[in-house]
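These notes concern the structure reproduced below.
The values are calculated or read from the model by the stated rules, or taken from the named source; none is laboratory data. Here the structure is a predicted model, which is why all the values come from computation and not from measurement. We place every Cβ from the backbone using ideal geometry, glycine too, and count neighbours over all the protein chains shown. SASA here: full protein model, heavy atoms, side chains in, ligands and nucleic acids out. Shrake-Rupley method; radii C 1.70, N 1.55, O 1.52, S 1.80 Å.
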Amino acid sequence: MTIDPASPVPKYSQLRELLIDWIVDSGLAVDDIIPSERELGTKYGLSRMTVRQTIDLLVSEGKLYRVPGKGTFVARPKIEMSLVLASFTEDMRARGYEPGSRDIARRITPASGHTARLLGIPPGSDVHHIERLRTADGEPMAVERTNIPTSLAPGLGSHRLSGRSLYQVLEEEFGIILDSGEQTIEAGICDPADAKLLGLSPGSPVLSMQRRSFTNGACVELALSTYRADRYQLHSRLDRHPGG
Ligand code: GLP
């Protein structure tokens, strides 16, 4: 895969996906050095500024780290925390808030290698890409970017999602009942675009979540969400198993 100059996805964002793929495919291990910004710029035909923007992002996400005078290295993976497989709508209602949703963008797009691998579909297969601003009692809480293979929900594009639950639409219109999932949650800082949507200053702390939801072993959803850390906290039930 290469950088697509015609894509609506910013180049630094495309490079992020390519680099994540490349790090996995090339079998790089924790603390391995990655090529310099100059080398990456030449390899992907990008300016050094764009490469730096991508590396800054990957560093802020904790995927890479820099050692001054030495280079950029692959960081240690973070610890995963499991929660329950609830929709935003269910989650907010359970806490006494009125959930809301506003479409930011919706399109059908070919899955990148990274997205395709996580969804378990061939790279380049069409996915519904849905970007939504989620609100609680009208207040912005999160930006959610969801990818769903079109093969699983072919006509999803024609269904209104504003003010509705995606999980409910999947269930009622497509008979898809999500039965399992996995979620990764990391600390992050808000990029300028999301900051504007969320009413935050750029660089504010956020919780970045990646969720995959499944039905009968098939991955239905890959969602990347940015939650306001100043307004959202994680709650998890803790079961005690004496003696481990
Ligand atoms: C949560 C998850 C998303 C999921 C969403 C569905 O917020 N982080 O991965 O897409 O719920 O919510 P709803 O059914 O309310 O649209």
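Data table
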{"quantity": "Count of region 143-165 residues which are within 22 Å of ARG231 (Cα to Cα) and among the aliphatic types (A, V, I, L, M)", "calculated": "1"}
{"quantity": "Conditions (1) within 16 Å of the ligand (Cβ to nearest atom); (2) modelled with pLDDT under 85: number failed by ARG93", "calculated": "(2)"}
{"quantity": "Matching entry among GLY157, GLY163 (being open to solvent by 50 Å² or more (accessible area, probe 1.4 Å) and either outside any helix (DSSP H, G or I) or in the same structural domain as GLU17 (by TED's automatic domain parsing) (or both))", "calculated": "GLY163"}
{"quantity": "Restricting region 23-38 to residues that are touching a helix residue (DSSP H, G or I) at 6+ places or on another chain (Cβ under 9 Å) and open to solvent by 60 Å² or more (accessible area, probe 1.4 Å), the residue that is nearest to GLY71 (Cα to Cα)", "calculated": "ARG38"}
{"quantity": "Residue selected from region 192-230 under the condition of a type in the set (Lys, Arg) and buried (at least 16 other Cβ atoms within 10 Å of the Cβ), by the criterion farthest from the ligand (Cβ to nearest atom)", "calculated": "ARG228"}
{"quantity": "Residue check for GLY188: more than 14 Å from the ligand (Cβ to nearest atom), out of contact with any Cys (no Cβ under 7 Å at 6 or more places or on another chain) and either closer than 16 Å to PHE88 by Cβ or assigned to a strand (DSSP E or B) (or both)", "calculated": "yes"}
